[in-house]
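Presented below is the structure to which this report refers.
The values are calculated or read from the model by the stated rules, or taken from the named source; none is laboratory data. As the structure is a prediction and not an experimental result, all values here were calculated from the model. Methodologically, a virtual Cβ is constructed for each residue, glycine included, from the backbone with ideal geometry; neighbour enumeration extends over all protein chains shown.
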Amino acid sequence: MSREVRTSRLVTLAAALAVTAGVGAGYVVTRNHSSSHAAAAPSTSPSTSPMTVPSSPPPRGPVLAGLAATAPVPAAAGVAADLQGAAQTVAGSAELVGEVVDADTGVRLWSRGASQPTAPASTTKLLTAAAALTALGPDFRIATTTRRAGHTVYLVGGGDPTVVQSPRSSYSPRYPRPASLADLARRTIAALGGVHRVRLRLDTSAWSGPTMAVGWKPNYVTEGDVTPPSPLELDEGRVNPHDEFAARTETPAAQAGAAFATLLAKGGVQVIGPVTAGTAAPGSVPLASVSSPPLAELVQRMLTESDDDLAEALGRAVAIHDQLAPTFLGAATAVERQVRALGIPVQGVSLQDASGLSHRDRITPAVLVGVLRAAVAPSDRALRPILEGLPIAGLTGTLATRYRDLPAAKAAGVLRAKTGTLTGVNALAGLVVDRSGRLLIFAFLASHAPDPGLTVPALDRMAARLARCGCAG
């Protein structure tokens, strides 16, 4: 998971302590990655007498703003006036670029350096999602397989980093349900038909190239941001599979192989000798297979949780589809190519990876807005999983602990956006319905930001102003 998710854990702890101290009331939303889409439970007071009749709650309006067919396009001058204060706060300490457009007409309502290439951080994943859905389709799955040649079994990685040892052995979110090595081991043992001694080889030939992208920091692995990309991973390489923020292994394939050997042994098949790397022989025969959830669900997980390992895997899947090398460069080239195929000009886009972890990535606000506008287009539903995966302000994913304080809290539950966080970089790109019922799309990117404690709330206030904007022309 990205560093922005780990930061949210600290905010959640502070919120929980405040509630425990009696500050919070009503419904409390806390960060829980194992059930991040679950509804929050109402708080209760142990001192309430069974005979006490609670007063009726005040009437509430609709939870989500609806689109109004007759809503006017906001006036650009009104939008600019609404954004001015929060934008000045961001620009006071960072370089701010961004764009706001009307989703239906594409009319530009606010712009500051919309065509300026800027470090996008994890908003890069919007491009990766669009590219994967366009090239591969929402039903695409990634297989992890076993093959046999004589008494040698090959564990073949296909590029699914979400594989777990078993659903109970991992923190992994309940949705989507991942493939498990335990299932693959059981099927492999059955297919071996009574063979009880085998050699085990690990086939990682599906991907190639370096394991660190240009612009990546060496501490990304030790701090738990990402695993060195491998087509054969277990729990995304976490040293402790029960802790989503755990440090990652430098040798993910070996980690997966050791776990698989243990599972085979538990099923009565002994692995002879060391578990080593090896490409499946041309004459090897298939034994068993497990598959990832459909791509639509993987995209949702990637965006909601800002899953860097999954983003890199999907980028390589697109590269393979486009007959490019399954490397950082091949994935970046394939993502740019597929976004261009959507009719979105990619001038200014320069990617070093598919996750946005590289400080050398560059994307313009206009391209981010273009991808989101393509996702909401009524003529093509192929990109809809992008909308379903966007974190919801104050409720899910990387926005679960944001939009808690006024004035930004007024957009909680009604704004969806992809976040981006790197050292010195904060970004937010998403969509919101304004006060009159008009759907607006925005992208705000702040670079050279010395204090995210100031920049992030200011970006949230900018987006929240759009939700309250009554800027009719």
Review point. When you look at THR124, is it part of a helix (DSSP H, G or I), touching a residue at least 12 places away in the same chain (Cβ under 8 Å), among the hydroxyl-bearing types (Ser, Thr, Tyr) and not assigned by TED's automatic domain parsing to the domain that holds LEU454, yes or no?
Key: no
Exercise for review: With respect to GLY348, determine if the residue is part of a loop (DSSP other than H, G, I, E, B), closer than 20 Å to TRP110 by Cβ and out of contact with any Gly (no Cβ under 7 Å at 6 or more places or on another chain).
Suggested key: yes
Exercise for review: May I ask you to list pairs of residues, at least six apart or on different chains, whose Cβ atoms are under 7 Å apart, with the first in segment 421-439 being on the phi > 0 side of the Ramachandran plot and the second being modelled with pLDDT under 90?
Suggested key: GLY437/ALA65; GLY437/GLY66; GLY437/LEU67; GLY437/ALA68; GLY437/ALA71
Review point. Looking at segment 375-397, which of its residues are exposed (fewer than 15 other Cβ atoms within 10 Å of the Cβ) and in contact with a Gly (Cβ under 9 Å, 6 or more places away or on another chain)?
Key: none
Check your understanding: So, in segment 118-157, of the ones that are of a type in the set (Gly, Ala, Ser) and surrounded by fewer than 24 Cβ atoms within 10 Å (Cβ to Cβ), which residue ends up farthest from LEU387 (Cα to Cα)?
Key -> GLY150
Check your understanding: Among all residue pairs at least 6 apart or on different chains, which show Cβ distances below 6 Å where the first residue, located in segment 212-240, is more than 16 Å from ARG301 (Cβ to Cβ) and the second is among the aromatic types (Phe, Trp, Tyr)?
Key -> ALA213/PHE328; GLY224/PHE245; PRO231/TRP207
Exercise for review: Report yes if VAL163 is touching a residue at least 40 places away in the same chain (Cβ under 8 Å) and out of contact with any helix residue (DSSP H, G or I) (no Cβ under 8 Å at 6 or more places or on another chain), otherwise no.
Suggested key: no
Revision key, fill the gap. For segment 193-232 the number of residues that are small (Gly, Ala, Ser), over 19 Å from the mean Cα position of the chain (by Cα) and closer than 21 Å to SER122 by Cα is 1
Review point. When segment 96-121 is examined, which residues are found to be out of contact with any Pro (no Cβ under 9 Å at 6 or more places or on another chain), within 13 Å of ALA427 (Cβ to Cβ) and assigned to a strand (DSSP E or B)?
Key: LEU96
Check your understanding: Being closer than 18 Å to GLU233 by Cα, at pLDDT 95 or above and either surrounded by 20 or more Cβ atoms within 10 Å (Cβ to Cβ) or among the hydrophobic types (A, V, I, L, M, F, W, C) (or both), is that true of even one residue in segment 335-344?
Key -> no
Review point. Which residues, taken from segment 192-221, are more than 25 Å from ALA143 (Cβ to Cβ) and assigned to a strand (DSSP E or B)?
Key: ARG197
Review point. What do you reckon, is SER358 within 28 Å of GLY224 (Cβ to Cβ), in a loop (DSSP other than H, G, I, E, B) and of a type in the set (S, T, N, Q)?
Key: yes
Review point. Could you count how many residues in segment 157-186 are part of a loop (DSSP other than H, G, I, E, B), small (Gly, Ala, Ser) and modelled with pLDDT of 95 or more?
Key: 4
Review point. Counting just the residues of segment 76-110 that are polar (S, T, N, Q) and touching a residue at least 60 places away in the same chain (Cβ under 8 Å), which one comes out surrounded by the most Cβ atoms within 10 Å (Cβ to Cβ)?
Key: THR89
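Yes/no matrix, rows are residues, columns are (1) surrounded by fewer than 21 Cβ atoms within 10 Å (Cβ to Cβ); (2) in contact with a helix residue (DSSP H, G or I) (Cβ under 7 Å, 6 or more places away or on another chain):
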{"site": "ARG186", "(1), (2)": "yes, no"}
{"site": "SER205", "(1), (2)": "yes, no"}
{"site": "THR222", "(1), (2)": "yes, no"}
{"site": "GLU236", "(1), (2)": "no, yes"}
{"site": "PRO241", "(1), (2)": "yes, yes"}
{"site": "GLN255", "(1), (2)": "no, yes"}
Check your understanding: In segment 398-446, which residue that is polar (S, T, N, Q) and closer than 30 Å to TYR220 by Cα is surrounded by the fewest Cβ atoms within 10 Å (Cβ to Cβ)?
Key -> THR423
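Here is a yes/no grid of residues against (1) of a type in the set (Ser, Thr, Tyr); (2) over 18 Å from LEU314 (Cβ atoms); (3) touching a strand residue (DSSP E or B) at 6+ places or on another chain (Cβ under 6 Å):
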| residue | (1), (2), (3) |
| --- | --- |
| ALA143 | no, no, yes |
| THR146 | yes, yes, yes |
| HIS151 | no, yes, yes |
| THR162 | yes, no, no |
| SER170 | yes, yes, yes |
| PRO173 | no, no, no |
| ASP183 | no, yes, yes |
| LEU192 | no, yes, no |
**Study point:** Among residues of segment 224-264, those that are in contact with a strand residue (DSSP E or B) (Cβ under 9 Å, 6 or more places away or on another chain) and in a loop (DSSP other than H, G, I, E, B), counted
**Key:** 15
